[in-house]
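Q: Below: one structure in structure tokens.
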Amino acid sequence: MNLPTVEKFDEAYQNIKDVIVRSPIVACEADVFLKPEIHQVINSFKVRGVFHAVSQLSEKQRQKGISTVSAGNTAQALAWCGRFFSVPAYCIMPTTAPQTKIDRVKKYGGTPVLVSMEEVFKYLQEHLWNNDPYTFIHPWTSKDVMTGHGSIGIEIWQDFREIESIFVPVGGGGLIAGVAGYLKQVNPEINIYAVEPLGCPALYTSIKNGCASAVECNTICDGVAVPYITSEMYPLLAELVSEVVLVSEKKVKKAIHALATKYKMVVEPSGALAMAAAFEMPRSKRGKSVCIVSGGSIDIDKFIKILQDEKK
């Protein structure tokens, strides 16, 4: 898969800019800055890429209905886009998805199709969407999704030219491919730090092995709980990423607590990964860093328990 050009990224941004929120760069501490995508209409960056992809379909393709596979945030984005374009949206989701995310898919008018996690990945790996009547939007390998996500990189470059590194949570790789794909073209010196939970190190293992690899996955970070890197995405990610940083569950919970109490942000576990990783790395290595706070959909009971546990 080839990277979109800077011109293609710019065209995508012009296409979605009236729909998305231009999230600010928020000063944190020790030369760490936050890019809070929790302020998007669905509380996640996913609307950027998914809206761009759906908007690029023909009317005939959209009228078939649109579909995707998701642990929750892509599903919410697709459901919201279905409502925007007045077409049905079907979202294949694992039964383990947070109830908050399932409920919001329904709220936006989408239809959650709940199946086991094994069935979710079988559907993706065996391309079973080809058996469905709907138009499928792949959450990672769609070039239009990736290009839309690159709008985050455009905003960061416009607002913060001093950036020396960026920390990006990684599941399937669509977000980091888009953001890094843009930033590396405008400034090759920027370090791209991919962040994964210690319990699901698919990209870390793939780069270590020199090929797309699968791993066991056990993490509270449901938004990035993808146990493999696809063969399409691996060469691109291996080229763009400077280093993969692994973060423990304990550090994720600590970051959720800090984001809530210090910066008044309600963040899901995958959304806290980037900040947790940045503070694990010496300032002398990372320099002025931007952390993408990718999403804020978390079950309230889980959020309260994390805050209570971290307070002890």
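Q: Looking at G72, G153, G109, can you tell me which residue is open to solvent by less than 30 Å² (accessible area, probe 1.4 Å) and either among the hydroxyl-bearing types (S, T, Y) or over 23 Å from C217 (Cα atoms) (or both)?
A: The unique qualifying residue is G153.
Q: Between residues in region 9-30 that are over 21 Å from R161 (Cβ atoms) and residues that are open to solvent by 60 Å² or more (accessible area, probe 1.4 Å), which pairs lie under 6 Å by C-beta distance while being six or more apart or on different chains?
A: Close Cβ pairs (under 6 Å, with a partner that is open to solvent by 60 Å² or more (accessible area, probe 1.4 Å)) amount to V21/H39.
Q: So how many residues does region 178-205 have that are small (G, A, S) and either surrounded by fewer than 24 Cβ atoms within 10 Å (Cβ to Cβ) or closer than 21 Å to P36 by Cβ (or both)?
A: 4
Q: Checking the conditions here, which among M93, M117 is crowded, with 16+ Cβ neighbours inside 10 Å, in contact with a strand residue (DSSP E or B) (Cβ under 9 Å, 6 or more places away or on another chain) and without any contact (Cβ under 8 Å) to a residue 24 or more places away in the chain?
A: M117
Q: Are any of the residues in region 143-160 part of a loop (DSSP other than H, G, I, E, B) and of a type in the set (S, T, Y)?
A: no
Q: Please tell me if D144 is in contact with a His (Cβ under 8 Å, 6 or more places away or on another chain) and among the acidic types (D, E).
A: So D144 fits the description; yes.
Q: Quick check on region 27-37. Is at least one of its residues open to solvent by less than 10 Å² (accessible area, probe 1.4 Å) and more than 28 Å from S289 (Cα to Cα)?
A: The answer is no, given that none of the residues of region 27-37 is open to solvent by less than 10 Å² (accessible area, probe 1.4 Å) and more than 28 Å from S289 (Cα to Cα).
Q: Any idea which of S44, S55 is open to solvent by less than 10 Å² (accessible area, probe 1.4 Å) and touching a residue at least 40 places away in the same chain (Cβ under 8 Å)?
A: Every option except S44 fails the conditions.
Q: Cβ-Cβ below 9 Å, separation at least six or inter-chain, first residue in region 208-219 and closer than 11 Å to A238 by Cβ, second among the aromatic types (F, W, Y) and open to solvent by less than 50 Å² (accessible area, probe 1.4 Å): which pairs?
A: Close Cβ pairs (under 9 Å, with a partner that is among the aromatic types (F, W, Y) and open to solvent by less than 50 Å² (accessible area, probe 1.4 Å)) amount to C211/Y234; A212/Y228; A212/Y234.
The values are calculated or read from the model by the stated rules, or taken from the named source; none is laboratory data. Every value quoted in this text rests on a predicted model; they were computed, and no experiment measured them. FYI the Cβ positions are ideal-geometry reconstructions off the backbone, even for glycines, and counts take in every protein chain you see. Ligands, DNA and RNA are stripped out before the accessible areas are found, and what is left, the full protein with its side chains, is counted by its heavy atoms. Shrake-Rupley method; radii C 1.70, N 1.55, O 1.52, S 1.80 Å.
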